[in-house]
Amino acid sequence: MPKGIPNKRYTGEFKQKVVETMRSEELNYVETARQFDVPHSRVISWERIYLEEGKEGLYIERLCRQWNTER
């Protein structure tokens with residue numbers, strides 16, 4: 001991603017809608033990603049969170065990468 005363009009943020013409500021639509025309409029990750037115009041890797045990640053933590057987990061703001069500063 002070019003410098004100066006912030007990462008796109010998604011609301012908890014949007015993530016919940018994506019996962020619940022995928023599950024209720026029995027869509028796969030790629031179909032869901034196309035329907036909502038998001039990367040399929042995000043859909044996979046959101047579903048994992050949904051299944052492990054419930055819908056409340058989708059409302060927690062997370063860092064996508066954690067850097068190890070210890071060397």
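For this structure, a couple of remarks:
- Straight-distance candidates among the aspartates and glutamates for linking to K8, with alpha-carbon spacing under 14 Å and chain neighbours fewer than 8 residues away dropped: D37, E61.
- The listed residues L63, L51, L58 rank as L63, L51, L58 when sorted by accessible area, largest first, using a 1.4 Å probe.
- Net length available on complete extension from L63 to Y10 is 17.8 nm, with 0.36 nm assigned per residue and the Cα-Cα distance removed.
The values are calculated or read from the model by the stated rules, or taken from the named source; none is laboratory data. Note that this is a predicted model, so its numbers are computed, not measured. Each accessible area value is taken on the protein alone, full model and side chains, heavy atoms only, with ligands, DNA and RNA left out. Shrake-Rupley method; radii C 1.70, N 1.55, O 1.52, S 1.80 Å.
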